[in-house]
Amino acid sequence: MAELEDSNKDPPPTMEKIAAARQLGIHPKDYKMMRLVDDMLKAESLPSRWTAIYEKHNDRWIYTDSRTGEAQLEHPLIEYYRGAVFMDKGGYRVLMRNMEARKPTFDE
């Protein structure tokens, strides 16, 4: 498990941030990774037409597409943010090592 980066300059995370961090599998005390959560919580991180509302009584985020009315519990770009977490945790090095160990075939 990666060590948690402690920082006295960052305030304790809010319940909203902790709920978003759960979507990414980030520990709330991993302040370096929580910066990705900060980015994910910005309104401009959502695709156009999408809104995000934090439900305090359920401790969860609801994301809604205003055009279709579709609602979901994960950020519409969650896979992008999960990929960013993977890469920030050293995923690129892992991918390169795996490619060296077994070169992709033509079909891959």
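The values are calculated or read from the model by the stated rules, or taken from the named source; none is laboratory data. Because the structure is a prediction, the values reported are computed rather than measured. Don't worry about glycine lacking a Cβ; one is built from the backbone with ideal geometry, like all the others, and counts go over all protein chains shown. Quick note on the areas: whole protein, heavy atoms, side chains included, nothing else; ligands and nucleic acids left out. Shrake-Rupley method; radii C 1.70, N 1.55, O 1.52, S 1.80 Å.
Remark: the stretch 33-108 carries 72 Å² of accessible area per residue (probe radius 1.4 Å; ligands, DNA and RNA excluded). Positive contributions from Lys and Arg (+1) and negative ones from Asp and Glu (-1), summed over other residues with Cβ under 11 Å from the Cβ of Thr64, come out at 0. Taking a sphere under 14 Å around the Cβ of Tyr80 and counting the other residues whose Cβ falls inside, with K and R at +1 and D and E at -1, yields a net charge of -3. Between helix 91-101 and the chain there is an angle of about 30 degrees, using the helix long axis and the longest principal axis of the Cα atoms.
For the chain, modelled as a GNM whose springs connect Cα atoms under 10 angstrom apart, the maximal fluctuation among Arg22, Arg93, Arg82 occurs at Arg93. Between helix 15-24 and the chain there is an angle of about 30 degrees, using the helix long axis and the longest principal axis of the Cα atoms.
The chymotrypsin sites (Phe, Trp or Tyr not before Pro) of the stretch 7-108 that DSSP puts in a loop, and whose beta carbon has at most 10 other beta carbons within 10 Å, are Phe106.
Which one, Ile78, Met96, Phe106, projects farthest toward the positive side of the charge dipole computed for the chain from Cβ point charges (K/R +1, D/E -1)? After comparing all options, I get Met96. The residue among Met15, Ala43, Gly25 whose Cα reaches farthest toward the positive pole of the charge dipole of the stretch 15-55, with charges on the beta-carbon of Lys, Arg, Asp and Glu, is Gly25. Here the dipole of the chain is about 120 debye; that uses its Cα centre as origin and unit charges on the Cβ of Lys and Arg (positive) and Asp and Glu (negative).
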